[in-house]
Amino acid sequence: MADIINLLPDNIANQIAAGEVIQRPASAVKELLENAVDAGATEIQLIIKDAGKELVQVIDNGGGMSETDARMCFERHATSKIKSIDDLFQITTMGFRGEALASIAAVSQVELKTRKKGSDVGTFVEIDNSFVKKQEPCQTAEGTSIAMKNLFFNVPARRNFLKSNTAEMRHIVDEFIRVAMAFPQLQFSLTSNNQQVFYLEKGSLKQRIVAILGQHYNAKLVSVKETTDYMNVYGFVGKPETAKKTRGDQFFFVNNRFIKSSYLNHAVMNAFADIIPADSFPLYVLFIDVNPEHVDINVHPTKQEIKFDDEKLMYAFIQSAVKHSLAQFSVTATLDFDLDPNIQALDAVSKPFTAEQQMESTNSPLYKSFTQANQAHMIDKSSSSSNLKHWKDLYEAPANTDSYVTISPVIDDDDDEEFEEHQAQQATASVIDERWQDTSNDQKVPVQVHQQYILSQIKSGFILIDQQAAHERILYERYQRALLEMPMSTQQSLFPQTLQLPPADAALINEMLPDLQTLGYDLEPFGNNTFVVRGTPADIRSGNDQATIENLLEQFKHFSSELKVNRREHLIRSMARNNAIPAGKILSAREMQNIIDELFACSMPNVAPGGKFTFISFKLTDLARMFERGN
Ligand code: ADP
Ligand code: MG
């Protein structure tokens, strides 16, 4: 009998293998851009024709290749980046498999021009379906130009699989952005059908983000930066108000490699959970630098998925880093005044962890590699009153009664025009000056507006607080503390009420009992879907317990469908919403003052859980501008 096994010819074997690496024009874009980065280029051009179906070309000013390398680079497993299996665990380059160029050459027509730094002549190589058609010396700039033409010309079935030009171009732009975002220190350009789509100057990460995603992010980025012995996290997140209805501008890079990780995404979303509306997506561009020993980037052929040796630690760390920076933003941004960000952050940073997360991460073997200074979640709670102290500064009377001094703190940027404008205003307004001085002390008493808002004067103008949203924030943080540290005190009812609930609600309450207990509810199951309410949280207006708890259940169910946060989070949010002072309630001056004091002692005073602003500030400068007619 004749033998039936053949070895496939190289070009066919390459074509098959290419399927893993090059699925569409965008895959070639990624590989070619990464090669240019690996080659040490500082300027990289991407040229596209017909959504990459006709041409994907990358021109770089990197190290270039010798004559032999120019030919070798198209061989399968030809790489200059690793030599042994051990190197795989110390990868610092973007590529390492030596498969990209072999794959590209197997499914297209390739023209390579390259010249090594210092050589006076370059090399031209033309390849068609894995076969070298031409190799000759040529004149060319230092660096490398690789043109991939007519992708899948020799594999018609796969060519037919390509999507519309719009769809393929979208993929190309995505890949371009991912590489360009990761290397803001390099110049990138993208030209499509002879039209320039992107021209990205070398610059800072912030400049790069704005250049790519749009000018509107310019004043809306909050920087994230945490450094430890184990890993560093840095980058930017968007301020809560930039969160979008569709997922989109979200980027993670591990050692400069774009990755997709729903797990880490969740960590960021969690950090945002109580300050943005449900179902909205914040911008983030976060870089994680970690010793390559701790990651396995080899788990997926296109290397977008990644495995960390300690995922929980990673999660906790990312969440904490983002919370930390949001807290700083929360405290400093709305009212623009300078305070020590380190101190400000302490209280907020002590909170990102739930009790379970804290347990998990402290049990982690890598936990101990955190440096002392960065054990953010372990920070002493005794510093938690620092917020309050700083917020008091807002209300301090000006050191000098000269009205000019009163106005000057709000001129926070070096805007000369604004400065002059105010001097002019001031000169013509001496009557108002006097009145201002006379009444400045009395005005500190907060005023209720429409039984809904609290108007409170601060140094730089005034703020308008939404009483309900503010109280919701206060209660939310109080409950959060109760769950983490000390249980709330319970006020025992003189006449315990009996609660009769539908079976589904009874089941829900049963599950929530321990947490309800911590939060100050004393409920006892009495069989048959009945509970006896023996006590309620001491600081909650007593009234109809049945209604309160039914209301709580409703809120709880309402929130469950809204946002995927854990059960305890639901519970405290529901309670905060349920127990907050409603709009329409008349408040005494003392009650208003309490709300103000407590609000500003919160770690995130400016938004309610759920994203609504708790207060809006009005600056004297803005008010003055409004009074000026015609401009
Ligand atoms: P890998 O990047 O995994 O090593 P590739 O197939 O992408 O594999 O590239 C093979 C080799 O060709 C690289 O290791 C590198 O030595 C060389 N090479 C590829 N592109 C360039 C370039 N733009 N400039 C200089 N050398 C390059
Ligand atoms: Mg490569």
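The values are calculated or read from the model by the stated rules, or taken from the named source; none is laboratory data. From a predicted model like this one, the values you see are computed outputs, not experimental measurements. FYI the Cβ positions are ideal-geometry reconstructions off the backbone, even for glycines, and counts take in every protein chain you see.
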Total residues in the stretch 160-181, condition surrounded by 13 or more Cβ atoms within 10 Å (Cβ to Cβ) and farther than 12 Å from Gly52 by Cβ: 6
Test: residue in the stretch 41-58 that is modelled with pLDDT of 85 or more, buried (at least 18 other Cβ atoms within 10 Å of the Cβ), within 9 Å of ligand 2 (Cβ to nearest atom) and in the same structural domain as Gly118 (by TED's automatic domain parsing): no
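For the stretch 600-628, enumerate the residues that are among the polar types (S, T, N, Q) and within 24 Å of the chain's Cα centre (by Cα). Steps first, answer last, please.
Just the residues of the stretch 600-628 that are among the polar types (S, T, N, Q), to begin with: 603, 606, 614, 617, 621.
Within the stretch 600-628, Ser603, Asn606, Thr614 meet the criteria.
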Tally, over the stretch 222-238, of residues that are without any contact (Cβ under 8 Å) to a residue 60 or more places away in the chain and buried (at least 19 other Cβ atoms within 10 Å of the Cβ): 3
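Criterion first (more than 21 Å from Asn129 (Cα to Cα) and part of a loop (DSSP other than H, G, I, E, B)) does Ala41 satisfy it?
Values: more than 21 Å from Asn129 (Cα to Cα): yes; part of a loop (DSSP other than H, G, I, E, B): yes.
Yes.
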Some residue of the stretch 66-88 being out of contact with any strand residue (DSSP E or B) (no Cβ under 6 Å at 6 or more places or on another chain), within 15 Å of ligand 2 (Cβ to nearest atom) and under 16 Å from Glu142 (Cβ atoms): yes
Count of the stretch 94-136 residues which are surrounded by fewer than 17 Cβ atoms within 10 Å (Cβ to Cβ) and in contact (Cβ under 8 Å) with a residue 24 or more places away in the chain: 5
Residue within the stretch 90-102 that is at pLDDT below 95 and away from ligand 2 (no atom under 13 Å from the Cβ) present: yes
Number of the condition not met by His216 [criteria: (1) part of a strand (DSSP E or B); (2) surrounded by fewer than 19 Cβ atoms within 10 Å (Cβ to Cβ)]: (1)
Some residue of the stretch 194-203 being in a strand (DSSP E or B), touching a Ser or Thr at 6+ places or on another chain (Cβ under 8 Å) and crowded, with 17+ Cβ neighbours inside 10 Å: yes
Every residue from the stretch 598-618 that is among the hydrophobic types (A, V, I, L, M, F, W, C) and in a strand (DSSP E or B): Val607, Phe613, Phe615, Ile616, Phe618
Residue, modelled with the highest pLDDT, within the stretch 459-478, restricted to residues that are surrounded by 21 or more Cβ atoms within 10 Å (Cβ to Cβ) and touching a Phe, Trp or Tyr at 6+ places or on another chain (Cβ under 6 Å): Ile465
From Met626, Met592, residue being assigned by TED's automatic domain parsing to the domain that holds Gly520 and free of Cβ contacts under 8 Å to residues at least 24 places away in the same chain: Met626
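Going through the stretch 46-102 one residue at a time, which ones are in a loop (DSSP other than H, G, I, E, B), of a type in the set (Gly, Ala, Ser) and within 7 Å of ligand 1 (Cβ to nearest atom)? I'd like the intermediate steps shown before the answer.
First pass over the stretch 46-102, keeping only residues in a loop (DSSP other than H, G, I, E, B): 53-54, 61-66, 73-84, 91-99.
With of a type in the set (Gly, Ala, Ser) added as a condition, the list becomes 62-64, 66, 78, 80, 84, 95, 98.
Selection gives Gly62, Gly63, Gly64, Ala78, Ser80, Gly95, Gly98.
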